[in-house]
1. Which of the peptides E:210-217, F:73-80 is most tightly packed, and how do the rest follow, going by the mean number of other Cβ atoms within 10 Å of each residue?
2. How many percent of the alpha carbon pairs in segment B:18-99 exceed a separation of 18 Å?
3. Ignoring ligands, DNA and RNA, please state the percent of accessible area on chain D from carbon and sulfur, probe 1.4 Å.
4. What is the set of long-range amide H partners of F:T155 at a cut-off below 5 Å, with H atoms built 1.01 Å from backbone N?
5. Calculated FRET efficiency, F:E203 and B:M124, Cβ-Cβ r, R0 60 Å, to nearest 0.05?
6. What is the set of long-range amide H partners of B:V4 at a cut-off below 5 Å, with H atoms built 1.01 Å from backbone N?
7. Sorted from largest down, what three extents in whole angstroms do the Cα atoms of segment A:8-63 have along their principal axes?
8. What is the local net charge at B:P60, summed over the other residues whose Cβ is closer than 15 Å to its Cβ (Lys, Arg +1; Asp, Glu -1)?
Number of protein chains: 6
Amino acid sequence: MSSVNTRIERASADIVLGLGRLGVATVHEAQGRKGLLASHLRPIYAGARIAGTAVTVAVPPGDNWMLHVAMEQLQDGDMLVVAPTSPCIDGYFGDLLATSAMARGCRGLVIEAGVRDVRELQSMQFPVWSKAVFAQGTVKKTLGTVNLPITCGDTFIRPGDVVVADDDGICVVPREDAAAVLTEGNAREMREESVRARLAKGELGLDVYDMRERLAREGLTYL
Amino acid sequence: MSSVNTRIERASADIVLGLGRLGVATVHEAQGRKGLLASHLRPIYAGARIAGTAVTVAVPPGDNWMLHVAMEQLQDGDMLVVAPTSPCIDGYFGDLLATSAMARGCRGLVIEAGVRDVRELQSMQFPVWSKAVFAQGTVKKTLGTVNLPITCGDTFIRPGDVVVADDDGICVVPREDAAAVLTEGNAREMREESVRARLAKGELGLDVYDMRERLAREGLTYL
Amino acid sequence: MSSVNTRIERASADIVLGLGRLGVATVHEAQGRKGLLASHLRPIYAGARIAGTAVTVAVPPGDNWMLHVAMEQLQDGDMLVVAPTSPCIDGYFGDLLATSAMARGCRGLVIEAGVRDVRELQSMQFPVWSKAVFAQGTVKKTLGTVNLPITCGDTFIRPGDVVVADDDGICVVPREDAAAVLTEGNAREMREESVRARLAKGELGLDVYDMRERLAREGLTYL
Amino acid sequence: MSSVNTRIERASADIVLGLGRLGVATVHEAQGRKGLLASHLRPIYAGARIAGTAVTVAVPPGDNWMLHVAMEQLQDGDMLVVAPTSPCIDGYFGDLLATSAMARGCRGLVIEAGVRDVRELQSMQFPVWSKAVFAQGTVKKTLGTVNLPITCGDTFIRPGDVVVADDDGICVVPREDAAAVLTEGNAREMREESVRARLAKGELGLDVYDMRERLAREGLTYL
Amino acid sequence: MSSVNTRIERASADIVLGLGRLGVATVHEAQGRKGLLASHLRPIYAGARIAGTAVTVAVPPGDNWMLHVAMEQLQDGDMLVVAPTSPCIDGYFGDLLATSAMARGCRGLVIEAGVRDVRELQSMQFPVWSKAVFAQGTVKKTLGTVNLPITCGDTFIRPGDVVVADDDGICVVPREDAAAVLTEGNAREMREESVRARLAKGELGLDVYDMRERLAREGLTYL
Amino acid sequence: MSSVNTRIERASADIVLGLGRLGVATVHEAQGRKGLLASHLRPIYAGARIAGTAVTVAVPPGDNWMLHVAMEQLQDGDMLVVAPTSPCIDGYFGDLLATSAMARGCRGLVIEAGVRDVRELQSMQFPVWSKAVFAQGTVKKTLGTVNLPITCGDTFIRPGDVVVADDDGICVVPREDAAAVLTEGNAREMREESVRARLAKGELGLDVYDMRERLAREGLTYL
């Protein structure tokens, strides 16, 4: 029951960086409007935009012991993804664990629970997306799992998948799809760039996207 | 059913500017504690204080087609006010629509739904008050209405009404009342200025407002 | 029923300052994981870390008259702690009351309700932890109490108790326990400092805290 | 500000009865998927299905004085529709007010706030749709309005409009549209009856509604 | 820290019965609109109306060990009142614990957490007021307290206090006040009886309570 | 993208029936405290206890077209499990679809969205567990999937898995584990039966489970 998977396959580092540069909204569109985590997971400070490979952790309510176990599994470019086995907003993670995670090359944390020491975490520039900020301490008594698939933010996540996160939220990309999503995302970004220039000059989307005829056909009337 | 009202009456620009300067709390008090939108609509970044004339849009859930239609109706000094016809937190609006809206002179957006690209929106200084930040994309399939009255933030809003918004939230002023509310708001601000000076020196509101006798009459006792 | 207790016992100023320096997470741990207020009370701006002695106020829904009464009871180093007698998110407190409170030496406000003028409050650096930001005005018609015990953030608070608040939330320390909590908190901070240094160098908590054997005994397996 | 409109126009009694018989889901569809109140308004007991003409009341938070004023305006076949001017879940209404309302011919209550004495209300068979069940008492100090338009359940309601309510929620029909909606609702009910018979025999909606070709055209594939 | 108070003082059985007969709304009014627990605590089935003396239990999140300890402290006429030390909706209590509690004479349960086996609990007629219905199991690893004061439903409750509960919610009466509240509650009930009779005949509260003149003085106008 | 898997493997009918008899709480415990769906999914009426094999449906927000497609995939003993691809509380399902589903042998519905016609559904004894009751109608325009894995109630569910549901909520059992969980559940039920008898006679769990020594060792003290 309580096991740690030490041999997971990770998406390639280059592709992860590329997805992080694109950001959540573009990646989400590029993979066909899929993979978003629920909107109740919010960043503890604004401005971070990162991607990493998921190290997944299932923790009992009010017990952060497995986070210490997970630290050893972290590699450069990883992202911690944590979900409790029962709804809980306790502060599982603070500045000491962040110090340890950063020393292992971890880029950030997504947690379906609470976090604390948020002022210190911002000073350290260790970004966190969480369900709550709450100082309530946890114990170290009961086991969970590391690097087995979990559900976090109402979304299914496997270890090694790519997790992209910024001020818009979080998006997960299965590692098999990552290369294709990056290609489509880059193409999309380029297309948007030229549209943006036209819109900035005052052209209307109605014309840029050639929508007028279809609107009329659907029955739109102007009074 | 799906219509665009192209001839709406807007509140006068001078009055709109004056109300924007006063801010939400003062305008709300000046019109008799009315017109606030529900508190679940929050700014995506702190520090903006604006007012504009409402261009109202009703959109189907998960469909932002009518926002493209609405762009054409925007004039300098307008504010977009958007509500879905069924509860929805999808990200209807992002940096491309903001680029287009700014090019038309639009000052900001109030939306009873989600928004995305919030980092870019902050860079562009295009303020948004929304129910959620969520990257979930939308389609362009079904029609709605532009510039018919809508309910947004539990409040009835007509096109052309004045919408004031800042870090405290959003307040709507019917265009017929706007001049009177501005006059009363300015007077109120002046009165508050002199009270503020007395309080800053350490005088008590109990004395400034002459409350002691009435408190005693109501039965207040000191132990 | 409607009374003001003018003679409360306050925790000593030195100890209050010491607890404020430690912050909420450390104080909470140091007193045995107790005393946190509910996580729905959030700061209106980031970065404040303070402690003060509680002046408690019970207010009727939508009526802030007792806040004017409470102003007179404030002393240097106090913290206002306010709860309505029925759930309410109206904006009980704004820049005028903050001006008055600061003139009396008050360090901040914790309120189980709404607050307004938040932009001005941030400029004044008057920190507030509230349930909502809402401009909805209040009246001055009905009495409540000042400096009787109240429940705020689901937690029992007596006048004179120490209230510590920062970005992580709020923690209350009974004044009788304050000295002991400060001693334990300082010791804890020192212990954490040496752990932090080891973790920053890449040592694992598994080794620093000597957890490996106990984990194996509980049945943890590595795949 | 505080006024009672004593001369409102009510929808005709026959039409109201007909709409009540159809129920909320059918009426909502028959008027083009419009008019539903928000789903947080729930019945205090199951099984009621009614319609009535709205007598609208705006009440201050925690103050039910205007409900006493509203009693005098009730006529046979009316429905009370109540909204506070600021969010509030106090128990504005209990068995005494229900006794009075029933004596006036009132059919039920929709309230964007709390209600109490729910066991007694069920015994009396006086149906209520509310935001909360809460015994918190109210005072009688501040005025509001009776029979001016209000927003309740995020929906705009005018006095005299038809309010239909059952276990599915609440739907409002503007009195001008009531006759047309009834005609369309009756037609719809008849159409549904024949479809229901076919489905009960095991026919599939795919065939009854002739959907297979359109699904294939949209790209549906069977594995 | 982890202690059981075995010698608590209980309110007298007669008075408890009397308060139970009056019900929550009347008791709440009779003690001056105080003592209600938060409205998120709801009955798992309709129709129960009881009162009992509180046996209070503080439990760790996800751990119901102390409920087994509490069973031994239950006496005839008691009511279990349970709160977790951190927010939790796990199912702490089911049909086995209810069997044990009923065998000890316990009348019901109020719990700021989850409950399960609700169908069986209804069959047994063991009433529960809870924050959630959730089958999530708990462990038996960590201690808490029995019969020390707790906060439950945002309200401070001491062991031995009277807890009244029905479909309207829950109200606590300090045992020192119980006799006086019963007297006032009985008087109130009698007064209401005669008012009810007049209202049922069609008299208006405006006349029964003699409100017309005061309404006019406050500025009420009829259109 | 939009596909229907017509060849799914279903858990065996005998085992499904056995699990349904045990109910949610026992099944959840028997499979190691796993598989519960989130507690916001609640039954529309009390008293149903069923199990079935999942036919999973992913639907766009506000669009129930795929439910018509799913009807054809239903077999005797199935249970519909539906989740929208974006949060939505519209009423996707009503009495017509229930008529069709019952004709195909379907036992009930679990839906992460809204449902309507709940009075009729109760009359038909077609049980539903939903996030909301809401009459808001849906369209039939956009495709989704049938019988691909989905996340519903924050839990990962594959077609053919066993879904157990009663008044306590919903629990999913992977079809590979179903036989083992049934064996353990039956054993557990037998053990509980004998404990129940002892508790009903007044024995304490402290003795039945032999807890006193361990409690003392953990530091429990009696005052």
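1. F:73-80, E:210-217
2. Percentage above 18 Å: 53.
3. Result for chain D: 51 percent of the exposed heavy-atom area is carbon or sulfur.
4. Placed amide hydrogens put F:A38 under 5 Å from F:T155.
5. FRET efficiency, F:E203 to B:M124: 0.25.
6. Distant-sequence amide H within range of B:V4: A:T221, A:Y222, A:L223, B:V146.
7. For segment A:8-63, the Cα extents along the three principal axes come out at 36, 28, 23 Å.
8. 0
The values are calculated or read from the model by the stated rules, or taken from the named source; none is laboratory data. What you see is a predicted model; the values in this text were computed from it and never measured. Quick reminder, even Gly has a Cβ in these numbers, built from the backbone with ideal geometry, and neighbours come from all protein chains shown. Ligands, DNA and RNA are excluded from the accessible area calculation, which covers all protein heavy atoms including side chains. Shrake-Rupley method; radii C 1.70, N 1.55, O 1.52, S 1.80 Å.
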